[in-house]
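The values are calculated or read from the model by the stated rules, or taken from the named source; none is laboratory data. Just so it is clear, the structure is predicted and the values come from calculations on it, not from any experiment. When we count neighbours, we look across all protein chains shown, and the Cβ atoms used for this are built from the backbone with ideal geometry, even at glycine. Accessible surface areas use protein heavy atoms only, side chains included; no ligands, DNA or RNA. Shrake-Rupley method; radii C 1.70, N 1.55, O 1.52, S 1.80 Å.
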Amino acid sequence: MDAGRLKEVPLFADLDHKRREQLAKWSDEVEVDAGKHIVTQGEFAYEFFVIEEGTADVTKDGEKINELGPGDWFGEIALEETDRRTASVVATSPMRLIVMFGRDFHEMEAEMPGVAREVRRVIEERLGRGS
């Protein structure tokens, strides 16, 4: 993973170069084709995703609830709250994703409190508990 490209991701834009280098060590990049089911509601969660390029639809109980694009992320709720995916995400175009496994995601949260606060804020919002 190229640490320089992480600066283009809003979630990581405020991190200094050293922290982005560390983040790059915890992350991988994957490319997926349109139509790929990236996560499926109800399955166990093992990773967190940030969209670099492309778009995806989020569905819950078969109903579309959101569209995602570059800079958006998903997968955090299951890693933090439930262990299982709360929604499905399907690529609607070719995508490039940053992927972080759960252990590295939790390490990122511990070492980068600003990122952790933003992730927690979005979790609360997505679960309808935000203020």
**Prompt:** Counting only heavy atoms of protein chains, what accessible area per residue, in Å², does segment 1-128 have with a probe of 1.4 Å?
**Reply:** 54
**Message:** Under 8 Å for C-alpha pairs, at least 6 residues apart: give me the relative contact order for segment 1-115, rounded to a whole percent.
**Reply:** 34
**Item:** Kyte-Doolittle at least 1.6, axis length at least 20 Å by Cα - qualifying DSSP helices, the chain
**Value:** none
**Prompt:** Using a probe of 1.4 angstrom, how much of the accessible area of the chain is carbon and sulfur, in percent?
**Reply:** 46
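Note down the net charge around Leu79, summing +1 for each Lys or Arg and -1 for each Asp or Glu among other residues with Cβ under 14 Å from its Cβ.
Charge balance in the 14 Å sphere: -4.
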**Prompt:** What percentages, rounded to whole numbers, describe P(r) for segment 17-131 computed over all alpha carbon pairs with 10 Å bin width beginning at zero?
**Reply:** 14, 47, 34, 5, 0
**Residue-span extension gain [Glu8 to Arg84] - 0.36 nm each, minus C-alpha spacing** = 24.4 nm
**Prompt:** Could you give P(r) for segment 40-80, binned at 10 Å from zero, as whole percent values over all Cα-Cα pairs?
**Reply:** 27, 55, 18
**Prompt:** What do you get when you divide the Cα radius of gyration of segment 1-83 by 2.2 N^0.38 Å, with N the number of residues?
**Reply:** 1.17
